[in-house]
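**Q** Dropping the structure in here first, questions after.
The values are calculated or read from the model by the stated rules, or taken from the named source; none is laboratory data. These figures come from a predicted structure and were not determined experimentally. Backbone-built Cβ (ideal geometry, glycine too); neighbour counts: all protein chains shown.
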Amino acid sequence: MTRGQTSLDEIFETQIRTLALTLRPRTVEHYRTTARHFLAYLRAAFPQLRRLSQLRRDPHLLSWFRWLRERQPPLSNKTRSDHLIRLRRLLDDLAANGHPVQPDLFRREDFPPEPRYLPRPLSLGEDQLLQQELRRTDDLAANALLLTRATGIRIGECLDLPLDCLRRLGTDEWALHVPLGKLHTERLVPADSEVRQIVERILTLRHAAPAAHLASSQGFLLPRRGGSYYVLDGTLRSTLHRAAKRAGCPTHVTPHRLRHSFATEMLRFGVSLPALMKLLGHKDIRMTLRYTEVTQQDLQREFHQARQNVAHPHHLPTLALPQEIPSAGLPGIRQALGATRHLLEMYRRQLSDERIRRKLQRLDKRLFTVASQLQKIEAEEK
């Protein structure tokens, strides 16, 4: 390399620092790792390559692809694809900024096929035994894992929860505030009494943590040793591994399987897919479908329920009406109108004909207007 010439390491690092302006720190570190592996490989395999203009698909990129495929222990297809995606973006951005990067360095066939993705929730028995073991352990890590299971949040989201993550929305309505996460979105996950108890237990255990950990973790619900995200992540994973082993779980249990178990449980409890998508923080319902497992037992239940509904396609729920409604009193008339509007809406929701549904909706608006006028008359009479 001639004097004054910028090295490949410096060029890539400058581009990564530009990405750091918009990407999360952990994502930036992934880009930096990919660049470091790629450049180290080039130095070892092609020491004569010193400039971006010398980089070619064959032999440089193709040989790096083979090197990734032959790594020991072997890399998963997803890991290899992630490396290729990150390197492709770096090179595309460098080319857009005026660097002499050759075109057509990457092709579709370079990317390994994605494995068939199957949900891996724990069985009902494993799930119960594991939760019992985590409650028995009852330390910070165990309670953090219980929180991920009770809310379905990602392990990274749990690690980033703020101290004031529990928010009161109403008289008896609470939610867990999940900050910006994997998809750069934040959300409020409903928190029942179990979730609130877990958070309170974490806060209690947090006070007993070493002062050094608390000092480096100000603002976070879970204290971090030396402020390190990765140390805390490893602690949670090892705690889960040991608890699963003690609980007798026959297969490997990861934090993400707790999220799968939560999603499948919510589906069986009757939560709709759009609502589940919001709970999990997904942007695409197709991702939500990949998280849920429909067993043969679920199929049997849904099938028999659908068969029962065939005989009553427009079954209306019974509405408790007062036994006596005054024939000429405004309060009684308004009460009857409210009951009529309720029944009308229940009937409208069961219709598939959109034209009739719109007609009934317009009729409901007229009834609402009548009820409003009666309320005004009643106020004037007082």
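**Q** From the list Val101, Val178, exactly one residue is of a type in the set (A, V, I, L, M, F, W, C), surrounded by fewer than 19 Cβ atoms within 10 Å (Cβ to Cβ) and either under 30 Å from Gln218 (Cβ atoms) or out of contact with any Pro (no Cβ under 8 Å at 6 or more places or on another chain) (or both). Which is it?
**A** That would be Val101, the only listed residue that is of a type in the set (A, V, I, L, M, F, W, C), surrounded by fewer than 19 Cβ atoms within 10 Å (Cβ to Cβ) and either under 30 Å from Gln218 (Cβ atoms) or out of contact with any Pro (no Cβ under 8 Å at 6 or more places or on another chain) (or both).
Rundown of residues vs (1) touching a residue at least 24 places away in the same chain (Cβ under 8 Å); (2) touching a helix residue (DSSP H, G or I) at 6+ places or on another chain (Cβ under 9 Å); (3) exposed (fewer than 14 other Cβ atoms within 10 Å of the Cβ), yes/no style:
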{"position": "Ala142", "(1), (2), (3)": "yes, yes, no"}
{"position": "Leu146", "(1), (2), (3)": "yes, yes, no"}
{"position": "Glu157", "(1), (2), (3)": "yes, yes, no"}
{"position": "Cys165", "(1), (2), (3)": "yes, yes, no"}
{"position": "Leu169", "(1), (2), (3)": "no, no, yes"}
{"position": "Trp174", "(1), (2), (3)": "no, yes, no"}
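**Q** Assuming Leu351 fulfils every condition listed in (1) outside any helix (DSSP H, G or I); (2) modelled with pLDDT under 75 apart from one, which condition is it?
**A** The single condition Leu351 does not satisfy is (2).
**Q** Right, next: If the requirement is being free of Cβ contacts under 8 Å to residues at least 12 places away in the same chain, aliphatic (A, V, I, L, M) and within 23 Å of Ser123 (Cβ to Cβ), which of these qualifies: Val231, Val271?
**A** Of Val231, Val271, the one residue that is free of Cβ contacts under 8 Å to residues at least 12 places away in the same chain, aliphatic (A, V, I, L, M) and within 23 Å of Ser123 (Cβ to Cβ) is Val271.
**Q** Is one or more of the residues making up the stretch 78-98 touching a residue at least 40 places away in the same chain (Cβ under 8 Å) and within 30 Å of Thr264 (Cα to Cα)?
**A** Looking through the stretch 78-98, at least one residue is touching a residue at least 40 places away in the same chain (Cβ under 8 Å) and within 30 Å of Thr264 (Cα to Cα).
**Q** Report yes if Tyr229 is under 21 Å from Gln131 (Cα atoms) and modelled with pLDDT under 90, otherwise no.
**A** Criteria not met by Tyr229.
**Q** Please work out if Phe220 is aromatic (Phe, Trp, Tyr), touching a helix residue (DSSP H, G or I) at 6+ places or on another chain (Cβ under 7 Å) and closer than 21 Å to Asp138 by Cα.
**A** Against the criterion (aromatic (Phe, Trp, Tyr), touching a helix residue (DSSP H, G or I) at 6+ places or on another chain (Cβ under 7 Å) and closer than 21 Å to Asp138 by Cα), Phe220 does not qualify.
**Q** Based on what the data block shows, is Arg196 over 13 Å from Ala144 (Cβ atoms), in contact with a strand residue (DSSP E or B) (Cβ under 8 Å, 6 or more places away or on another chain), assigned to a helix (DSSP H, G or I) and not hydrophobic (A, V, I, L, M, F, W, C)?
**A** yes
**Q** Read through the list (1) part of a loop (DSSP other than H, G, I, E, B); (2) closer than 20 Å to Gly281 by Cα, then give the number of the only condition that His177 fails.
**A** Of (1) part of a loop (DSSP other than H, G, I, E, B); (2) closer than 20 Å to Gly281 by Cα, only one is false for His177: (1).
**Q** A further question follows. For the stretch 17-46, which residues satisfy the criterion of being among the small types (Gly, Ala, Ser), without any contact (Cβ under 8 Å) to a residue 12 or more places away in the chain and surrounded by 13 or more Cβ atoms within 10 Å (Cβ to Cβ)?
**A** Listed by number, the list holds a single entry, Ala20.
**Q** Given the stretch 1-111, what helices (runs of 4 or more DSSP H) lie entirely inside it while holding 1 or more residues that are among the β-branched types (Val, Ile, Thr)?
**A** The qualifying helices (runs of 4 or more DSSP H) are 8-19, 25-45, 77-96.
**Q** Looking only at the stretch 262-282, how many residues end up being closer than 18 Å to Ala191 by Cβ and in a helix (DSSP H, G or I)?
**A** 9
**Q** Does Glu133 meet the test of being surrounded by 18 or more Cβ atoms within 10 Å (Cβ to Cβ), over 30 Å from Ser228 (Cβ atoms) and in contact (Cβ under 8 Å) with a residue 24 or more places away in the chain?
**A** The answer is no for Glu133.
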